[in-house]
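Below is one structure; the comments refer to it alone.
The values are calculated or read from the model by the stated rules, or taken from the named source; none is laboratory data. Keep in mind that this is a model prediction, so the values were computed, not measured. Every residue, glycine as well, gets a Cβ built from its backbone with ideal geometry; the counts of neighbours run over all protein chains shown. All accessible areas refer to the heavy atoms of the entire protein, side chains included, with ligands and DNA or RNA removed. Shrake-Rupley method; radii C 1.70, N 1.55, O 1.52, S 1.80 Å.
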Amino acid sequence: MKNKKKTVSIRDVAKLAGVSISTVSRVINNSDSVSEELIEKVNKAIQELGYQPNRIARSLRTGSTKIVGFVIPDITNPAFLLMVKGAEDYLKRKGYSFILGGTDHSVKEESKLLSTLLSQRVDGLILTCSGGHNPYLSDLLMSKNIKLVFMDRRYEEIKAPYVGVDNSGGVEKMIDYLVQTGHRSFAFLSGERQTSSAKERLQGFIKGIQKYRIKDYQILYGEFTFESGYSLTKKLGRIPDAIIGGNDLVAFGAIEALEEMGYRVPEDVSVAGFDDMFFSKYYKPALTTVRQPIYNMGKMTGKVLFSLMNGKRLKRETIILETEIVIRESTKPRE
């Protein structure tokens with residue numbers, strides 16, 4: 001007869017970490033009275049031993065499950081996943097676990113996921129919105145005391161903390177660079193037109209062309225995907241000096257379409273994106289883009305949610321991080 005595997009107890013964790021049982025309990029229950037050094041020791045011991053606190057019993061006792069829900073529009077988009085990673089890395093050190101779901105850019109699917117996460121009694125939610133409005137979420141926040149932080153995209157009519165970047169200013173800076181390097185005609189390939197990030201990036205494009213009194217420009221609406229960038233480029237009425245994608249994936253799709261159409265990038269057309277995903281510098285040609293602090297946006301969102309879940313007063317309800325342009329091989333000065 002095989003020996004029954006011994007169940008790891010809180011006492012075992014305390015012994016391995018070299019701390020008291022009460023200290024382990026305070027770490028698990030996210031008490032402010034424990035130092036970062038002890039938190040790291042206890043969490044390391046928990047991981048080594050594979051200790052799993054009885055979350056159901058604890059949630060009934062404390063009202064907390066130590067679970068956070070993430071809802072993002074597209075789980076195949078590396079930018080969204082890096083944001084989640086930033087939030088996860090921060091909250092994991094605080095003892096939280098995670099449930100992640102993708103909506104495939106559907107507000108209806110977003111509502112279903114939110115309902116599912118609430119049925120799991122998550123302590124908080126991080127939401128990157130799939131559209132311009134979600135009435136279900138408004139009703140949800142009115143009926144339940146749920147801690148919610150918007151990340152990257154927000155529903156402007158809902159009052160909740162938001163962590164994002166200066167989308168408008170980033171695109172405007174890209175226009176500045178392109179105009180200063182001799183580009184005179186432009187196309188902007190937008191993502192989903194109702195999302196807050198798409199609207200802000202479009203606003204930056206319009207500000208830029210108005211500032212320089214540019215008359216030769218095109219705006220096409222699609223999705224924040226490679227396929228959308230490809231198909232929108234094929235629909236352009238004329239090929240401009242420069243194409244700006246609503247994100248890097250759109251820009252990659254534009255480059256693919258241009259090459260199929262017989263245009264060279266950047267010799268014939270300059271192409272720029274927005275994000276600076278980790279592989280953008282390895283693309284051929286390496287992509288000129290607006291860099292946003294993707295990981296740090298997620299980390300900051302995690303910090304804000306942690307404060308909310310622990311009843312702390314926020315210094316700022318809205319946090320906007322700066323962007324910068326990164327010049328690479330996909331753009332070239334026009335003569």
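Remarks
- The lone exception for ASP276 - which of (1) in contact with a Gly (Cβ under 6 Å, 6 or more places away or on another chain); (2) over 27 Å from GLU335 (Cβ atoms); (3) not aromatic (Phe, Trp, Tyr) it fails: (1)
- Comparison of LEU236, LEU232 shows that the only residue that is closer than 18 Å to MET174 by Cβ, at pLDDT 95 or above and open to solvent by less than 50 Å² (accessible area, probe 1.4 Å) is LEU232.
- The one condition in (1) touching a residue at least 40 places away in the same chain (Cβ under 8 Å); (2) over 30 Å from MET151 (Cα atoms); (3) open to solvent by 20 Å² or more (accessible area, probe 1.4 Å) that HIS183 fails to fulfil: (3)
- Qualifying residue in region 200-209 (condition: open to solvent by 20 Å² or more (accessible area, probe 1.4 Å), aromatic (Phe, Trp, Tyr) and within 25 Å of the chain's Cα centre (by Cα)): no
- Looking across region 251-289, the residues that are β-branched (Val, Ile, Thr), crowded, with 23+ Cβ neighbours inside 10 Å and in contact with a Ser or Thr (Cβ under 6 Å, 6 or more places away or on another chain) come down to VAL271, THR288, THR289.
- The numbered conditions (1) in a helix (DSSP H, G or I); (2) closer than 19 Å to GLY170 by Cα are all true for LEU308 except (2).
- Top-ranked residue of region 166-175 - restricted to ones that are open to solvent by 30 Å² or more (accessible area, probe 1.4 Å) and not in a loop (DSSP other than H, G, I, E, B), ranked as farthest from GLY246 (Cα to Cα): LYS173
- Once region 220-229 is narrowed to residues that are closer than 13 Å to PHE188 by Cα and either modelled with pLDDT under 95 or outside any strand (DSSP E or B) (or both), the residue that is most open to solvent (accessible area, probe 1.4 Å) is GLU223.
- Scanning region 258-283 for residues that are assigned to a strand (DSSP E or B) and within 16 Å of THR323 (Cβ to Cβ) yields ALA272, GLY273, PHE274, ASP275.
- Filter pass, GLY95 being farther than 27 Å from PHE274 by Cβ and open to solvent by less than 30 Å² (accessible area, probe 1.4 Å): yes
- Residue count for region 37-52, restricted to those that are touching a residue at least 12 places away in the same chain (Cβ under 8 Å) and either farther than 15 Å from SER97 by Cβ or in contact with a Phe, Trp or Tyr (Cβ under 6 Å, 6 or more places away or on another chain) (or both): 9.
- Filtering region 306-326 to residues that are touching a helix residue (DSSP H, G or I) at 6+ places or on another chain (Cβ under 7 Å) and of a type in the set (A, V, I, L, M, F, W, C) leaves PHE306, LEU314, ILE319, LEU321, ILE325.
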